[in-house]
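Structure first, commentary second.
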């Protein structure tokens, strides 16, 4: 049984590889951001005796608005690659599991890039073996590729288990939902059904009405990155959830959003047990008690997973002509093509007579 341990959400400053629109790629920023990641892992270990350090989306690349698919493929990293090998060295030295998300390029799939969560563990026969988990974001439209868009090719290369991977670690069973993935209840539920006891949620959410606002702001529309959504996902799946948001950008063009929701850690009853008190770079530590979670799950009335009867719902999913798997087997040209694909899906749903357009 894992003893209680400290997980830290690392709200990190970063220098984006693109300063804005029509600016050159700055590969040196990846090395700088990676150095900052490794330094924060060492701080988390020293100051908080942390065993898990969670970093946000784009933690070694940053992001900029209105860049092309080719731009992000150029800035993408390999998993495993030099960046995870550097993290592996620090993980082994500190005993910390390192989690986060990056833009990933996969040489077998040219013309595409992915938003990919990862876990680098302290143990492994080699630095590449220390990369224990790769999860590629399955929802939220941009011009990145979602695994379901090229389902047959993806599963042929990685296997279906790669869609919702969960790893068994000394810290409990861990999975990943990247950013707005958390808005789809199916993602955390798929991880929970694979035994996940903690999911990390790397994100990059600015305070934008209708997208991301603190749950204490009741006049704002519920958005896909709201803290209340994360609290519900933790509660309904009886799991911990650690969300790391990005801190300040260094020398960007100022258009990517500067005011951000705080990083936080939520327990299996939906309680926020730690939250950042600044929008600056900071560490947010929280105690994770997997033994207490497992005892709570053992209570029949408290465990929604044990009460779930999935065959009640399977036919309803199957009956609707929802977003098709393998719907974009060729790389798409831009974000509009992805938007048009979803618009056509909605038109098909309306044509079925179930929905009004």
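The values are calculated or read from the model by the stated rules, or taken from the named source; none is laboratory data. Computed from a prediction, not measured in an experiment: that's the story for all the values here. Here Cβ is always computed from backbone atoms with ideal geometry, including for glycine, and neighbour counts include all displayed protein chains.
Can you spot a residue in region 296-311 that is in the same structural domain as residue 196 (by TED's automatic domain parsing) and under 24 Å from residue 53 (Cβ atoms)?
no
Looking only at region 120-157, which residues are in contact with a strand residue (DSSP E or B) (Cβ under 7 Å, 6 or more places away or on another chain) and assigned to a helix (DSSP H, G or I)?
Listed by number, the residues that qualify are 130, 147.
Assess whether residue 183 counts as being within 19 Å of the chain's Cα centre (by Cα) and without any contact (Cβ under 8 Å) to a residue 24 or more places away in the chain.
Working: within 19 Å of the chain's Cα centre (by Cα): yes; without any contact (Cβ under 8 Å) to a residue 24 or more places away in the chain: no.
Judged against the criteria, residue 183 is not a match.
Out of all the residues in region 42-69, which are farther than 26 Å from residue 336 by Cα, surrounded by fewer than 24 Cβ atoms within 10 Å (Cβ to Cβ) and touching a strand residue (DSSP E or B) at 6+ places or on another chain (Cβ under 9 Å)?
Hits for region 42-69 are 43, 45, 47, 48, 49, 51.
For region 277-288, how many residues are at pLDDT 95 or above and more than 19 Å from residue 232 (Cα to Cα)?
Within region 277-288, the subset at pLDDT 95 or above is 281-288.
Those still in the list that are more than 19 Å from residue 232 (Cα to Cα) too: 281-285, 287.
Residues flagged as at pLDDT 95 or above and more than 19 Å from residue 232 (Cα to Cα) within region 277-288 amount to 6.
Under the condition of being within 12 Å of the chain's Cα centre (by Cα) and free of Cβ contacts under 8 Å to residues at least 60 places away in the same chain, which residue from region 141-176 is surrounded by the most Cβ atoms within 10 Å (Cβ to Cβ)?
That would be 175.
Every residue in region 204-244 that is in a loop (DSSP other than H, G, I, E, B), modelled with pLDDT under 95 and touching a strand residue (DSSP E or B) at 6+ places or on another chain (Cβ under 7 Å), please.
Filtering region 204-244 down to residues in a loop (DSSP other than H, G, I, E, B) leaves 204-205, 207, 209-211, 213-226, 238-239.
From what's left, modelled with pLDDT under 95: 204-205, 207, 209-211, 213-226.
Passing the criteria: 205, 207, 223, 225, 226.
Of the conditions (1) modelled with pLDDT of 95 or more; (2) out of contact with any helix residue (DSSP H, G or I) (no Cβ under 6 Å at 6 or more places or on another chain), residue 349 satisfies every one except a single condition; which number is it?
That leaves (1) as the condition not met.
Before we move on, is residue 99 on the phi < 0 side of the Ramachandran plot, out of contact with any helix residue (DSSP H, G or I) (no Cβ under 9 Å at 6 or more places or on another chain) and either surrounded by 24 or more Cβ atoms within 10 Å (Cβ to Cβ) or assigned by TED's automatic domain parsing to the domain that holds residue 328 (or both)? Don't jump to the end; show me each part of the working.
Numbers: on the phi < 0 side of the Ramachandran plot: yes; out of contact with any helix residue (DSSP H, G or I) (no Cβ under 9 Å at 6 or more places or on another chain): yes; either surrounded by 24 or more Cβ atoms within 10 Å (Cβ to Cβ) or assigned by TED's automatic domain parsing to the domain that holds residue 328 (or both): yes.
Yes; evaluated as a whole, the condition is true for this residue.
I need a count of the residues in region 317-336 that are surrounded by 14 or more Cβ atoms within 10 Å (Cβ to Cβ) and either at positive phi or outside any loop (DSSP other than H, G, I, E, B) (or both).
Qualifying residue count, region 317-336: 1.
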